[in-house]
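Here the structure comes first, spelled out in structure tokens, and everything after it is commentary.
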Amino acid sequence: MGEIFNKHVSSMSESSEIEEKSSINSFSLVVILIKIIRDLTPILEKVARNIDKLDLIMKKSPDILYSFLFKDFQEIVESPYTEEFMSEIENFSTNLIASSKEKKASSRQKVSHPPISIIIPSLNEEEAIKQTIADIQKQNLPNVEILVVDGLSADRTQDFARKMGAKIIVEHRRGYGRAIQTGVENAKGDILIWMDADFSYPAKYLSALIQPIIERKADIVLGNRLRKLEYKSMTPSHLFGNVILTIIFNIFYGKRIKDTQCGLRAFSRRGLEKMNLEKKGMSYATEILIEAVKKNLKIEQIDISYRKRIGETKLNTFKDGINILLTIIQNRFRKKS
Ligand SMILES: Nc1nc2c(ncn2[C@@H]2O[C@H](COP(=O)(O)OP(=O)(O)OP(=O)(O)O)[C@@H](O)[C@H]2O)c(=O)[nH]1
Ligand SMILES: [Mg+2]
């Protein structure tokens, strides 16, 4: 702008020097202004033609526009740069529109992902709860709430879980099954996942676990630990119990479940609502499978790896094993409800 003005002033003053050698009068100033306007007209026309884009940039990134318009104004008004400037504006606005469309599309995708609730029953798991939650958060699954169902822990499990951003549900009554049920009652998700608080189930399988439910191929997806078991991740007695209970379950119910005692599972809310469940302890996990079989719900299975748990087990191999066995036998001869 300054240069254009100076250019016109100097050319006027040169001609004035030749003719009258007088200083710039008001008439010559008007002439300069007219010339400036004439030179600026094509630029202004281009700006006017692109006013919508400029308006958009103004709304989205006023700082960038200001720096375009003011910092580099000297260059802008000189015609060689005008084309470049306008094409830059055009590129910039095209990119801006494309990226805002992308953002809208990805936010629509996130919203369309069904809400997921991950239910983690916990009892004195301060050594493992942080890692368990961090492992889930690392997966960056959209639309997920993490519910830690605690109430009996005498250690810092609740504090740690809260600090990690999980929602804490207090359940003072005893039992793994009861804790899961309380979690289900408080969950907002359409897909519900169960997971232990002991860092034994790798969260990298969550995405594969929910996929069959999203695709409506299954109401329940079970993990199977027995194929990819890590060395010494299960005690020999737990391994033996799991295998025996799974074989007996399959004989009694004519199914081919690979690991009936796996604690990593996903359910559709629709499927869960069809079940009548009574057990409150560890046998809850078996009762729910029996109900699923009786209600003809679709079950899918995925192989998962399994880590040695951190902290003390809450499972009583003998007592819980007998309870699970009784649950399998008793329910086989019960009428459908
Ligand atoms: N809220 C609550 N959680 C429980 C209770 N009993 C067990 N849990 C939790 O339920 C999950 C399963 O218990 P575990 O001790 O891991 O049982 P398990 O997985 O069969 O056995 P391990 O292979 O030794 O881990 C763990 O996260 C426990 O902290 C209970 O009475 N109340
Ligand atoms: Mg466990």
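Only the coordinates and a few stated rules stand behind these numbers; no lab work does. What you see is a predicted model, and the numbers here were worked out from it, not measured in a lab. All Cβ positions, glycine included, derive from the backbone under ideal geometry; neighbour counts span all protein chains shown.
Multiply the residue gap between residue 295 and residue 49 by 0.36 nm, knock off their C-alpha separation, and tell me the result in nm, one decimal place. Display every interim value, and only then the final one.
Details: separation 246, 0.36 × 246 = 88.56 nm, distance 6.60 nm.
So the extension gain works out to 82.0 nm.
Residue 174 versus residue 248, label points 7 Å from Cα toward the beta carbon: distance in nm?
2.2
Give me log10 I(q)/I(0) at q = 0.08, 0.14, 0.17 Å⁻¹ for segment 116-332, Debye formula, one equal scatterer per alpha-carbon, no solvent.
At q = 0.08, 0.14, 0.17 Å⁻¹ the computed log10 ratios are -0.24, -0.81, -1.28.
Write down Rg/Rh for segment 271-337, rounded to two decimals, with Rg from the C-alpha atoms and Rh from the Kirkwood relation over Cα pairs. Spell out each step's value before the answer.
Details: Rg = 14.0 Å, Rh = 13.8 Å.
My calculation puts Rg/Rh at 1.02.
With θ taken as phi - 60° and the coefficients 6.51, -1.76 and 1.60, list the Karplus ³J(HN,Hα) couplings across segment 324-330 in order, rounded to whole Hz; mark glycine and proline as x.
With coefficients 6.51, -1.76 and 1.60, one gets 5, 4, 5, 4, 5, 5, 4 Hz.
Students often check this: by mean Cβ neighbours within 10 Å, which of 260-267, 183-190, 295-302 ranks highest, and how do the rest follow? Before the final figure, lay out the partial values.
On the way: 260-267: 24.4, 183-190: 17.9, 295-302: 16.2.
The packing order, highest mean first, is 260-267, 183-190, 295-302.
Set the Förster distance to 25 Å, then compute FRET efficiency between residue 185 and residue 255 from the Cβ-Cβ distance, nearest 0.05.
Approximately 0.35, to the nearest 0.05.
Given the pairs 138/232; 258/308; 101/138; 274/294; 204/280; 258/294, which span a C-alpha to C-alpha distance of over 22 angstrom in this model? Each step should come with its number before you reach the end.
Working: 138/232 26 Å; 258/308 20 Å; 101/138 27 Å; 274/294 10 Å; 204/280 29 Å; 258/294 18 Å.
Over 22 Å Cα-Cα: 138/232; 101/138; 204/280.
Extending each Cα 7 Å along its Cβ direction at residue 330 and residue 274, get the distance between those two points in nm, one decimal.
Placing both labels 7 Å along Cα→Cβ, they lie 2.4 nm apart.
Cα-based Rg (one decimal) and Dmax (whole number) for segment 215-304, in Å?
13.1, 38
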